[in-house]
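Asker: This is the structure, below, for whatever I ask next.
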Amino acid sequence: MDHSIKAGELFLTGANCAQAVILAFNDITGLDDKTALRISSPFGGGIGRMREVCGAVSGMYMVLGLLYGYEEPGEKDCNKKALYKDVQELAEQFRAECGSILCREILKNPPTDPNPTPRTAEFYAKRPCARMVMTAAAILDRYIEAHPLEK
């Protein structure tokens with residue numbers, strides 16, 4: 001499945017950027033839609049419209065954690081180091097394709113108030129967000145292909 005197309009479609013039907021990415025991968029993560037929507041809901045707009053880390057990037061990391069994350073807390077877990085290395089590499093890939101991982105830089109300093117912007121045709125025409133969710137999902141697809149999941 002091309003998760004990037006699905007993520008773009010989900011964004012265009014009203015999901016926030018993080019929701020679009022995590023929902024697109026429910027076929028692999030096994031999350032139900034309600035849980036995926038709820039857990040990712042605060043991350044839209046660069047985390048609650050604070051314009052910090054792009055929600056598409058946050059969604060990408062949520063999927064990464066669900067599929068490859070570690071379960072034992074503590075500093076001695078070698079999986080933590082490997083995961084953080086992969087997080088940084090995925091961030092660099094996103095940055096290379098999109099210019100930044102920060103919402104405010106991608107959107108060029110948009111408003112940070114908590115009021116969501118109405119999803120109109122003008123909104124979708126002006127915002128690069130659909131491309132961001134598609135890029136994050138494509139990066140994840142490449143990662144998953146290079147790091148097959150254990151069955």
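The values are calculated or read from the model by the stated rules, or taken from the named source; none is laboratory data. Since this is a predicted model, take the numbers as computed values, not measurements. Glycine gets a Cβ as well: all are built from the backbone with ideal geometry, and neighbour counts include every protein chain shown.
Asker: If you scan region 19-50, which residues turn out to be more than 16 Å from Ala138 (Cβ to Cβ) and of a type in the set (A, V, I, L, M, F, W, C)?
Answerer: Leu31, Ala36, Leu37, Ile39, Phe43, Ile47, Met50 - these are the residues of region 19-50 that are more than 16 Å from Ala138 (Cβ to Cβ) and of a type in the set (A, V, I, L, M, F, W, C).
Asker: Further, regarding this structure: Kindly check whether there is at least one residue in region 135-144 that is out of contact with any Gly (no Cβ under 9 Å at 6 or more places or on another chain), at pLDDT 95 or above, under 14 Å from Ser4 (Cα atoms) and among the charged types (D, E, K, R).
Answerer: yes
Asker: If Leu83 satisfies all but one of (1) crowded, with 16+ Cβ neighbours inside 10 Å; (2) at pLDDT 95 or above, what's the number of the condition it fails?
Answerer: Unmet for Leu83, out of (1) crowded, with 16+ Cβ neighbours inside 10 Å; (2) at pLDDT 95 or above: (2).
Asker: I'd like the full set of residues that are of a type in the set (Asp, Glu) and under 19 Å from the mean Cα position of the chain (by Cα), limited to region 66-124.
Answerer: Taking region 66-124 as the starting set, the residues that turn out to be of a type in the set (Asp, Glu) are 71-72, 75, 77, 86, 89, 92, 97, 105, 113, 122.
Within region 66-124, Asp86, Glu89, Glu92, Glu97, Glu105 meet the criteria.
Asker: Also: Within region 118-143, count every residue that is surrounded by 14 or more Cβ atoms within 10 Å (Cβ to Cβ) and either under 15 Å from Ala91 (Cα atoms) or among the polar types (S, T, N, Q) (or both).
Answerer: Summing the residues that are surrounded by 14 or more Cβ atoms within 10 Å (Cβ to Cβ) and either under 15 Å from Ala91 (Cα atoms) or among the polar types (S, T, N, Q) (or both) in region 118-143 gives 11.
Asker: Separate question: Considering only residues that are without any contact (Cβ under 8 Å) to a residue 60 or more places away in the chain and surrounded by 12 or more Cβ atoms within 10 Å (Cβ to Cβ), look in region 66-80 and name the one that is farthest from Met132 (Cα to Cα).
Answerer: Asp77
Asker: To continue, here is another question. Being hydrophobic (A, V, I, L, M, F, W, C), assigned to a helix (DSSP H, G or I) and surrounded by fewer than 18 Cβ atoms within 10 Å (Cβ to Cβ) is the requirement here; does Leu23 meet it?
Answerer: No, not satisfied.
Asker: Still on this model: Are there any pairs, at least 6 apart or on different chains, whose C-beta atoms fall under 7 Å, with the first in region 1-24 and at positive phi and the second not in a helix (DSSP H, G or I), and if so, which?
Answerer: Short answer, once both residue conditions are applied: Gly14/Arg119.
Asker: Among the residues of region 56-70, are any within 15 Å of Ala20 (Cβ to Cβ) and modelled with pLDDT under 95?
Answerer: no
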